[in-house]
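Written below as structure tokens is the structure these notes are about.
The values are calculated or read from the model by the stated rules, or taken from the named source; none is laboratory data. All values reported here derive from a predicted model rather than from experimental measurement. Glycine also receives a Cβ, built like all others from the backbone with ideal geometry; neighbour counts cover every protein chain displayed. We work out accessible area using only protein heavy atoms, side chains counted, and drop any ligands, DNA or RNA first. Shrake-Rupley method; radii C 1.70, N 1.55, O 1.52, S 1.80 Å.
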Amino acid sequence: QVQLVESGGGWVQAGGSLRLSCAASGNIFSINAMGWYRQAPGKQREWVAAISNVGRTDHAHSVKGRFTISRDSAKNTVYLQMNSLKPEDTAVYYCNAHDPLGHDFWGQGTQVTVSS
């Protein structure tokens, strides 16, 4: 099992920045990728960004150039730096960990609210 705890959400005005953190614990050696998803009210959960265990990153088109995923392996923590935030970025952001067997682990989510 893998446990994920997110932090760093909050309220910010449009154009502002936030950094989300996701601390992983448990059987972290089974993880081959981690990422961020988000879910806005009334919408399906959507993928935002991912980072592999060798450091390869990828970002959704809607956030490319504004959001950056990174990790600190020594701290077993993944980050999502969010700049130039827009009201449409408002959502609950979830941390995800994936293992080679196809198991997905989720954090409890952290709310991000961007006001216009």
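For segment 31-39, does any single residue satisfy the condition of being surrounded by 20 or more Cβ atoms within 10 Å (Cβ to Cβ) and of a type in the set (D, E, K, R)? Within segment 31-39 (the criterion being surrounded by 20 or more Cβ atoms within 10 Å (Cβ to Cβ) and of a type in the set (D, E, K, R)), the answer is yes, since at least one residue qualifies.
Name the residues in segment 17-34 that are among the β-branched types (Val, Ile, Thr) and either assigned to a helix (DSSP H, G or I) or free of Cβ contacts under 8 Å to residues at least 24 places away in the same chain (or both), would you? Break it down into steps so the answer makes sense when it comes.
Here is the first cut: in segment 17-34, the residues among the β-branched types (Val, Ile, Thr) are 28, 31.
ILE28, the sole residue that qualifies.
May I ask you to verify whether GLY35 is in contact with a His (Cβ under 9 Å, 6 or more places away or on another chain), modelled with pLDDT of 95 or more and on the phi > 0 side of the Ramachandran plot?
No.
Taking segment 10-27, which residues are surrounded by fewer than 15 Cβ atoms within 10 Å (Cβ to Cβ) and farther than 15 Å from MET82 by Cβ? Across segment 10-27, the qualifying residues are SER25, GLY26, ASN27.
Identify, please: which residue in segment 40-51 is part of a strand (DSSP E or B) and touching a Lys or Arg at 6+ places or on another chain (Cβ under 8 Å) and is, among those, most open to solvent (accessible area, probe 1.4 Å)?
Let us first name the residues in segment 40-51 that are part of a strand (DSSP E or B), namely 46-51.
Right, trim to touching a Lys or Arg at 6+ places or on another chain (Cβ under 8 Å) and you get 46, 48, 51.
Details: GLU46: 78, VAL48: 1, ILE51: 13 Å².
For segment 40-51, the residue satisfying everything is GLU46.
Within the option set ASN96, ASN76, ASN53, being touching a helix residue (DSSP H, G or I) at 6+ places or on another chain (Cβ under 6 Å) and within 22 Å of ASN27 (Cα to Cα) holds for one residue only, ASN76.
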